[in-house]
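Read through the structure below, which is laid out as structure tokens, and then see the notes.
The values are calculated or read from the model by the stated rules, or taken from the named source; none is laboratory data. Just so it is clear, the model here is predicted, and its values are computed rather than measured. Virtual Cβ from ideal backbone geometry, glycine too; neighbours counted across all protein chains shown. Remember, those area values only see protein heavy atoms, side chains included, never the ligands or the DNA or RNA. Shrake-Rupley method; radii C 1.70, N 1.55, O 1.52, S 1.80 Å.
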Amino acid sequence: MVAVTPRLQLEHALRHTTSTTVTGFLEQLVGEPLEAFDRQHLMIEADVPNLLGVEQGHPLLARSTVLKGTTSGQSYLHARSLLVPSRLPPGFRRQLEATSDPIGRILVRQRVEFDRSPLPGLEPDLLAMFTDSVPDGCLLSRTYRVAVNGEQAILIGEWFLAALEQLLGAF
């Protein structure tokens, strides 16, 4: 018999969620709205080669954030992202920098159609341009790309935090 670990439960739930965004999935799981806190934004230039298919020197927005419950203040997810602003709708970057809305919520609000492509075996640490530390003891980490209008627009690394473990049995 195979033991069902919290990591396996979380992977299964993420694969079978009906939510289009990670934020939506987590809000269902934790039972409260989530916002992006501890946001850091940094404009950088792309290296070559890169996973977003842009030329060397192309402007990218690097972002680091923690998704927390608005009621409990509990941290549930640490995320780091690289975004290609030129491949995102007008006003997207302004909303990202001016509000506490997570990326997925902004995409949905702006009615942007997008596709996620997992990058298995690729550690989210590749997004190491930030000095904040990634928490120890996360349940699951993963990296994926988000395509908008058929072009790679966002690279996201996520760490699902240990606070989710107690909630998985109810999901």
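For the chain, the fraction of 1.4 Å probe accessible surface lying on carbon and sulfur atoms is 50 percent. Computed from phi, the 3J(HN,Hα) profile of the stretch 36-53 under the Karplus parametrisation 6.51, -1.76, 1.60 (θ = phi - 60°) reads 8, 10, 6, 6, 10, 10, 8, 7, 9, 10, 5, 8, 10, x, 9, 8, 10, x Hz, with x in place of Gly and Pro.
Maximal additional length on extending the residue 86-residue 100 stretch stands at 2.9 nm, based on 0.36 nm per residue less the C-alpha distance.
Accessible surface for the chain, divided over its residues, is 53 Å² per residue with a 1.4 Å probe.
Using mean Cβ contacts within 10 Å as the protection proxy, how do 145-158, 28-41 order, highest first?
Top of the packing list down: 145-158, 28-41.
Rounded to the nearest whole Hz, the Karplus-based 3J(HN,Hα) values (6.51 cos²θ - 1.76 cosθ + 1.60, θ = phi - 60°) of the stretch 108-116 follow the sequence 5, 4, 8, 6, 8, 7, 8, 10, 9, with x at glycine and proline. Normalised radius of gyration (Cα atoms, divided by 2.2 N^0.38 Å) for the chain: 1.01. Once the chain from residue 20 to residue 122 is taken as fully extended at 0.36 nm per residue, the excess over their C-alpha distance is 34.5 nm. For the pair residue 11 and residue 70, a Förster radius of 35 Å applied to the C-beta separation gives a FRET efficiency near 0.85, rounded to the nearest 0.05. Working from label points 7 Å from Cα in the Cα-to-Cβ sense, the residue 55 to residue 162 distance is 4.8 nm. Extension gain for the segment residue 28 to residue 141, taken as residue separation times 0.36 nm less the Cα-Cα distance, is 38.7 nm to one decimal. With axes computed from alpha carbons, what is the tilt in degrees of helix 6-15 against the longest principal axis of the chain, rounded to the nearest 10 within 0 to 90? It is inclined by approximately 60 degrees.
Considered as an equivalent ellipsoid built on the Cα gyration tensor, the stretch 1-92 has semi-axes of 30, 18, 12 Å, the largest given first.
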